[in-house]
1. If you take just the helices (runs of 4 or more DSSP H) that sit entirely in segment 5-89, which of them hold at least 3 residues that are open to solvent by 80 Å² or more (accessible area, probe 1.4 Å), at pLDDT below 80 and out of contact with any Pro (no Cβ under 9 Å at 6 or more places or on another chain)?
2. List pairs: first residue in segment 40-60 and farther than 10 Å from Pro82 by Cβ, second residue at pLDDT below 90 and open to solvent by 70 Å² or more (accessible area, probe 1.4 Å) anywhere in the structure, Cβ distance under 6 angstrom, at least six positions apart or on different chains.
Amino acid sequence: PIKIATNSLLWVYQNIFSEQIMADCGFEPSCSSFASQAIKERNFCLGIFLTADRLTRCNGNEQIEGEAYLVNKKTGKLHDEPKMYKFSK
């Protein structure tokens, strides 16, 4: 039930609010797409954790703070997706 609610909220944000706000995310994929991918590719709890981490870094300085090799030369956006995160035990 929590996963369904979260996915529903993400869908509403992506399809209704994001278009109205016209937010220009400095990351690719966008933060909401990142959240959706993180929850699908990882378990729910880890997906939420990764999304929270991503949102704390979404402050308009992504290109300055990010690694130069991760910046897409065509779009100028920082490439960052859930599968890039590695965790050690």
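1. 18-21
2. Phe44/Lys3
The values are calculated or read from the model by the stated rules, or taken from the named source; none is laboratory data. Predicted model, so just to flag it, every value in this text is computed and none were measured. Don't worry about glycine lacking a Cβ; one is built from the backbone with ideal geometry, like all the others, and counts go over all protein chains shown. Please note that ligands, DNA and RNA were not included when accessible areas were found on the heavy atoms of the full protein model with its side chains. Shrake-Rupley method; radii C 1.70, N 1.55, O 1.52, S 1.80 Å.
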